[in-house]
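Participant: The structure's right below; bear with me while I get my questions together.
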Amino acid sequence: MITWRPAALVAAGTLLLALAGIGAGDALGGGWLWLGAAVLLASVAAACAVDYFAAVPPHALTLTRSGHQSLWLGDTGSVELTIRNGADRPFVGRVRDAWVPSAGAFPAEQEVRIEPGRAVKLTTSLTPTRRGDRPAVRVTLRSHGPLRLMYRQTTRRAADAMTPPWRLRVYPAFASRRILPEKVARLRVLDGSVVTRGRGQGTEFDTLREYVVGDDVRSIDWRGSARRSDVVVRTWRPERDRRLVCVLDTGRTSATRIGDEPRLDAAMDAALLLASVAARADDRVDLLAVDTTVRVSVTNVDKSTLLWRLVTAMAPLQPALVETDFGLVAGEVLRRERKRALVVLFTALEPGALGDGLLPVLPQLAAKHRVVVAAVHDPELSRMAQVRPGATPADVYAAAAAQRTLAERERVSAALRRHGVEVVDAPADVFASRVTDHYLALKTSGRL
């Protein structure tokens, strides 16, 4: 392909010929000018041909990749593209390493010079703006000749055999991990590291200790006291090895944007925090993502690999613009969980979706398991519901619509509670914390 330089040379040469013709007048005649123009064009064409064949053919370059294969959303990583020159002359040109726009690749193009038989590494910085798999799309190689009059160019796409495929998996941001130490500290208190527990539903035997004034005499272990020749009492802790099932609704309601992210992302963040705390409590955590089919199923995972398995499964999830089949949700939970479990359903408090889909199947689900519906709402809705002095008619209508939406959410919550379902409805900034606090409250009261 041709660059702008040959055209510039022809234009400059034509201008010089014209000036020479004007200075000479009629002494040389018009034929000399045509001859000069022909020589000029032939010279430029010959130079272009020589320059083209002097450029290193792009197929002489081999490509390999290395670098980050996974990142948390919001972090920055890098991928290195190694280019080796297999030709017998230097490669001079530009390389464009193209990714999908949401990968946040920088820089887009780089100038390179590669000596024969040598290799260079081009580093591309990646700051993804969306979770999921962010692939490298293509690599464009442009080889210039020594005079930069012509260049050879080829584009190698990800599906080509000569292009190394690379896919960066972007995990959910898990912004709530900053409050994980706080929740774990509360769990340690709950487990009896700081305070002792009394016996009750949802507790199990922990240890024996010496009796102190104020202890319940019903907790005295008489056999242990006889063996030790001292009065000892039993202490209790919340039961472990309980079942927790996190169900992500990936239907159309999960696509609603709450602030700068979809509702599904807020639910993922809360599910990750809840699962991390439950794993520390030695409870078993399962995950289901369902709309009209089961998108993700993570079951029977060891707690040491639980977080990695969850974020890996969640990363490629995207909302589906379909109505969620809550009959399928209930059927999958009942089929997979034979023993009583805590089922946390992350969905939206919408009358249409829950009234027609979830409420009919709730009795059979709530009869076997303890069900919690966790819904995140936009705090902007509460702000819009307030009518301020000097409001315009449009503001009043917007406030009325917001108040109606809030009232419908309350009616849905009341209907769920009548069926024995507990509801956690919180704004996005504290949603993950509220869901985990509810789990800890259930564990404290022995209702798991």
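Participant: Using a 1.4 angstrom probe, figure out how much accessible area the range 247-293 has per residue, in square angstrom, rounded to the nearest whole.
Facilitator: Details: 1270 Å² over 47 residues.
Per residue, the range 247-293 has an accessible area of 27 Å².
Participant: Something else now. Leaving out ligands and nucleic acids, note down the accessible area per residue over the range 53-134 with a 1.4 angstrom probe, in whole Å².
Facilitator: Accessible area per residue, the range 53-134: 48 Å².
Participant: Still on this structure: Along the Cα→Cβ direction, 7 angstrom out, place labels at Arg178 and Val39. What is the inter-label distance in nm?
Facilitator: For Arg178 paired with Val39, the spin-label model returns 7.5 nm.
Participant: Sort 263-269, 374-380 by packing, meaning the average of other beta carbons within 10 Å per residue, with the highest value first.
Facilitator: Final packing ranking: 263-269, 374-380.
Participant: Roughly how many whole Å is it from the C-alpha centroid of the range 96-165 to that of the range 241-263?
Facilitator: Computed from Cα coordinates, the inter-centre distance equals 37 Å.
Participant: Follow-up question, since we're still on this one. Restricting to the chain, compute how many DSSP beta bridges are antiparallel as a %, nearest 5.
Facilitator: Percent antiparallel among DSSP bridges in the chain is about 65.
Participant: Set the Förster radius R0 to 35 Å, insert the Cβ-Cβ distance between Ala18 and Phe53 as r into 1/(1 + (r/R0)^6), and round the FRET efficiency to 0.05. Working shown, then result.
Facilitator: Values: r = 32 Å, r/R0 = 0.91.
About 0.65, to the nearest 0.05.
Participant: From the phi of every residue in the range 219-232, what ³J(HN,Hα) in whole Hz does the Karplus formula 6.51 cos²θ - 1.76 cosθ + 1.60 yield, where θ is phi - 60° and glycine or proline is x?
Facilitator: Using θ = phi - 60°, the values come out as 8, 5, 9, 6, 5, x, 5, 5, 5, 8, 6, 8, 7, 10 Hz.
Participant: Quick check: residue separation of Val294 and Asp133 times 0.36 nm, minus the Cα distance between them. What number comes out in nm?
Facilitator: The Val294-Asp133 span can extend by a further 56.0 nm.
Participant: Determine the share of the range 389-433's accessible area contributed by carbon and sulfur atoms, expressed in whole percent, with a 1.4 angstrom probe.
Facilitator: Percent of accessible area from carbon and sulfur atoms in the range 389-433: 57.
Participant: Also, quick follow-up: Using each residue's phi in the range 346-356, evaluate 6.51 cos²θ - 1.76 cosθ + 1.60 at θ = phi - 60° and report the 3J(HN,Hα) Karplus result to the nearest Hz, with x for Gly and Pro.
Facilitator: Values, residue by residue: 8, 8, 10, 7, 10, x, x, 5, 7, x, 8 Hz.
Participant: Just by accessible area at a 1.4 angstrom probe, what is the order of Glu210, Glu422 from largest to smallest?
Facilitator: Result of the area sort, largest leading: Glu210, Glu422.
Participant: Oh, and also: Amide H to amide H under 5 Å from Ala341: which residues, 5+ apart in sequence or cross-chain, H placed 1.01 Å off N in plane?
Facilitator: Residues meeting the amide H criterion: Arg370.
Participant: A follow-up question, please. Select one label from (i) 24.4; (ii) 23.2; (iii) 27.9: the one whose number is Kirkwood radius over Cα pairs in Å as derived from the coordinates shown.
Facilitator: Given (i) 24.4; (ii) 23.2; (iii) 27.9, the calculated one carries the label (iii).
Participant: Sort 384-394, 52-62, 400-410 for me by packing, meaning the mean count of neighbouring Cβ atoms within 10 Å per residue, highest on top.
Facilitator: Highest mean packing first, the order is 52-62, 400-410, 384-394.
Participant: What is the set of long-range amide H partners of Leu168 at a cut-off below 5 Å, with H atoms built 1.01 Å from backbone N?
Facilitator: Here Arg134, Ala136 satisfy the definition.
Participant: If you don't mind, there's one more thing I want to ask. Full extension from Val430 to Glu115: what is 0.36 nm times the residue separation minus their Cα-Cα distance, to one decimal in nm?
Facilitator: 107.7 nm
Participant: Could you do me a favour and compute the accessible area per residue for the range 384-448, 1.4 Å probe, result in Å²?
Facilitator: Per residue, the range 384-448 has an accessible area of 55 Å².
Participant: Give the carbon-plus-sulfur fraction of the accessible surface of the range 248-346 in %, rounded to a whole number; probe 1.4 Å, heavy atoms of protein chains only.
Facilitator: 49 percent
Participant: Across the range 422-432, in residue order, what do the Karplus-derived ³J(HN,Hα) couplings come to in whole Hz, using 6.51 cos²θ - 1.76 cosθ + 1.60 with θ = phi - 60° and x for Gly and Pro?
Facilitator: Listing the rounded values in order: 8, 10, 10, 10, 9, x, 4, 5, 10, 4, 4 Hz.
Participant: If you look at just the Cα atoms of the range 313-448, how large are its Rg and its Dmax in Å?
Facilitator: Rg, Dmax (Cα atoms, Å): 17.2, 59.
Participant: Same structure again: Excluding residues on the same chain fewer than 8 positions from Lys443, give the lysines whose Cα lies under 21 Å from its Cα.
Facilitator: Answer for Lys443, where 21 Å is the Cα cut-off: Lys183, Lys303, Lys339, Lys368, listed by chain and number.
Participant: Can you send over the carbon and sulfur percentage of the accessible area for the range 42-149, probe radius 1.4 Å, protein chains only? List each step's numbers first, then the result.
Facilitator: Values: 2770 of 5080 Å².
On the range 42-149, the fraction of accessible area on carbon and sulfur atoms equals 54 percent.
Participant: Let me ask something else about it. Mind giving me the nanometre distance, one decimal, between the label points for Ala441 and Ser382, set 7 Å out from Cα along Cα→Cβ?
Facilitator: About 1.5 nm separates the two model spin labels.
The values are calculated or read from the model by the stated rules, or taken from the named source; none is laboratory data. Small disclaimer: the values here were computed from a predicted structure and weren't measured. A quick note on method: Cβ atoms are made from the backbone with ideal geometry, for glycine too, and the neighbour counts reach across all protein chains shown. For accessibility, only protein heavy atoms count, side chains too; no ligands or nucleic acids. Shrake-Rupley method; radii C 1.70, N 1.55, O 1.52, S 1.80 Å.
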